[in-house]
Structure formats: structure tokens, C-alpha cells
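One structure coming up, written as C-alpha cells, with questions to follow.
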Amino acid sequence: MAKVLDESNNVEITEEDLETKSKGELIKLAGKLRDRRNELNQLASEKASERDELNAKTREKVDEAQEHREKRDQLNEEVQEHKEKRNELNAEANELFDNLEEMKDDLKLDEGKQIEELEEEIEDLEFKQQTEVLDAEDERELIEKIEDKREKLQDKREKLEHNDELDELEAEAEEVRAEASKHHQKVTELADEAQKHHNKMIEAYREADDIRDDADEKHEEFVEVQEAADQHHEDFVRVQKRLRELDKKEEEKEREQREEKQEAAREEAEEIYQKFKEGETLDTEDLMKLQKTGLL
């Protein structure tokens, strides 16, 4: 990450500066430190605001991703429900179709000659019996053929009576299969919708990561600027402390000078007082000095 600060604008101070620079120079230096500190604090505040704004956007994206996750999970639950129902119906339909095939196998409706064909053959044989002169053996064989075909015809007719039951069973099986197909279609639709939410969730998390990276970069910039601001503040405090020390030294020096003046004034006043006691005449100025020191 490129540095966000132009360090050439920073203000630096050494211990030697504190010890050697004059009070006036230090006052100017304190002003520069204060101005640079305030400038850096303002910049740090801007960086913090940018970081916080990005963090808020990150949370929004994470919330968005979570919403897609919840919707995806909800849809997947519905997919599972429809799958279970589809599988149940398919199993039921398979059982019905198996039963249907078994019944068809039992009835064997598709084997042998059809009813119309048998009826025609019986009519032809009966006509032959009625119109032709046959010996006893041929007559007997012809009658047996007619009886055999009549039995087959009767069997076919009896089996046909069960056709309605087969039709109903087949219709029921088809209906169950159709219902299973509806659930399968629903599974497909819901799974597609769940996948869309999954993809949106992944995209939202990716965007959140990208924004979070930007927020982390802004935080690093904030830390860099804030540390510089804190350093300038510490240096400002150091200069202020040094100025207070200089003020204190000046005050002590002024107090010492006052005390020296007062001592000198007392000594002079005592000399004047001694002269007064010795009978010397004092002028107005001498009298005022005695009054100031309390000797008169």
C-alpha cells in the first residue's frame, strides 16, 4: 500500500532543539506542531469515516448474502419435500403398473386369435356342417373343432369382461405417474431457483470481501495518519512543557532580581538610618528610602 502521507510536511523536533532553541523559536515551533497535528487529525477523521462507510457496506453485503443463503436453504427444503413426494408417487405408480402387467399376463388378452376371427371361423365350420355331407368320423372332428373354438371364444369374452378393471387400473397408474411428474417439475424449478440464490450469495460474499479489503486499507491509512498526528501532539506537548520550564526560569530569575534589589535597598536604607542616628541631616530622597524599607 502506498503511503498516504507526504512526510515532507511533517514537523520534527529533537531534544537538542528543545534545549537550544529560544523561547520565541519554540513558540513558533509549537504553532507548527499544533497546526500539523490538527491537519493530521482531520485527515485521520476522514479516513476513519471512509473506513466506517466501507465497513457498513460490507455488513450490507454480508446481510444480503445471508438473505440469499436463507432463501436458498428454504428452497432446498422444499426441493427435498417434493423429491420425497415424487419418489413416493413414482413407487406407487410403479407398483400399479406392475400390477397392471401381471393382470395382463394373467388374462393374456393379446395372445391367440381375436374374437371376431373366432366368430367367423365358427360360422364357417357350422355352415360346412350344415351344407356338406360328411361321414361320421369327419362329422365328429368337425363338431370337436366347433366346440373347441366356442370354448376359446367364451374364454375371450370372459376375459374381456375384466377390461374395465384394467382400464381403471391403468388410468389410476397414469394419474399417479402424472402427479409424480408435477412434483418432479417442481423439484427442477425450485432447484434452479435455489441455485440462483446460491450464486447470488457467493457473489455477495465476494463483493463483501472486496469491500472489506478496501476498508482494511483505509484503516491502515487511518492508523498511519493517526500515529503521525499523535506524534505531533506528543511533540507539541513536549514543546509546551519546555516553554513552561522556560517561563518558570524567567519567573525565578525575575524573583531573584527583585530580591537582590530589595536586599540592596535594605542595605542602603540601613546605612542611611545609621547616618540618621549619628545626627546627620537626611534629604527627602533618603527619607523616602527609609519609609520604603520600614525603618522610619
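The values are calculated or read from the model by the stated rules, or taken from the named source; none is laboratory data. Everything numeric in this text was worked out from a predicted model, so none of it was measured. Neighbour counts run over all protein chains shown; Cβ positions are idealised from the backbone, glycine included.
Can you name the residue in the stretch 8-18 that is part of a helix (DSSP H, G or I) and touching a residue at least 12 places away in the same chain (Cβ under 8 Å) and, of all such residues, is surrounded by the fewest Cβ atoms within 10 Å (Cβ to Cβ)?
Filtering the stretch 8-18 down to residues part of a helix (DSSP H, G or I) leaves 8-9, 15-18.
Filter again for touching a residue at least 12 places away in the same chain (Cβ under 8 Å), leaving 9, 17-18.
On the way: Asn9: 10, Asp17: 16, Leu18: 18.
In this case the residue turns out to be Asn9.
Where the second residue is assigned to a helix (DSSP H, G or I) and at pLDDT 95 or above and the first is closer than 13 Å to Lys71 by Cα and among the charged types (D, E, K, R) and lies in the stretch 185-203, which pairs have Cβ atoms under 6 Å and are six or more apart or on separate chains?
Glu193/Leu75; Lys200/His68
Let me ask you something else. Quick check, is Ile202 within 30 Å of Glu84 (Cβ to Cβ) and among the β-branched types (Val, Ile, Thr)? I'd like the intermediate steps shown before the answer.
Details: within 30 Å of Glu84 (Cβ to Cβ): yes; among the β-branched types (Val, Ile, Thr): yes.
Judged against the criteria, Ile202 is a match.
Which residue pairs have Cβ atoms closer than 8 Å, lie 6 or more positions apart in sequence or on different chains, and pair a first residue in the stretch 30-43 that is closer than 13 Å to Val239 by Cβ and touching a residue at least 60 places away in the same chain (Cβ under 8 Å) with a second residue that is assigned to a helix (DSSP H, G or I) and charged (D, E, K, R)?
Filtered contacts from the stretch 30-43: Leu33/Asp235.
Let's see how each residue does on (1) crowded, with 16+ Cβ neighbours inside 10 Å; (2) within 30 Å of Glu25 (Cα to Cα):
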residue	(1), (2)
Glu227	no, yes
His232	yes, yes
Glu267	no, no
Glu271	no, no
Thr284	no, no
Thr293	yes, no
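Still on this model: Any chance the stretch 206-214 includes a residue that's assigned to a helix (DSSP H, G or I), surrounded by 14 or more Cβ atoms within 10 Å (Cβ to Cβ) and at pLDDT below 85?
no
Then there is this: For the stretch 56-71, state whether one or more residues are charged (D, E, K, R), buried (at least 17 other Cβ atoms within 10 Å of the Cβ) and closer than 14 Å to Phe222 by Cα.
Within the stretch 56-71, none of the residues are charged (D, E, K, R), buried (at least 17 other Cβ atoms within 10 Å of the Cβ) and closer than 14 Å to Phe222 by Cα.
Hey, any hits in the stretch 227-248 for a residue that's within 19 Å of Glu46 (Cβ to Cβ), touching a helix residue (DSSP H, G or I) at 6+ places or on another chain (Cβ under 7 Å) and hydrophobic (A, V, I, L, M, F, W, C)?
So the first thing to find is which residues in the stretch 227-248 are within 19 Å of Glu46 (Cβ to Cβ), and the list is 227-233.
Remaining after also requiring touching a helix residue (DSSP H, G or I) at 6+ places or on another chain (Cβ under 7 Å): 228-229, 232-233.
When the remaining residues are screened for being hydrophobic (A, V, I, L, M, F, W, C), the result is 228-229.
There is at least one residue in the stretch 227-248 that is within 19 Å of Glu46 (Cβ to Cβ), touching a helix residue (DSSP H, G or I) at 6+ places or on another chain (Cβ under 7 Å) and hydrophobic (A, V, I, L, M, F, W, C).
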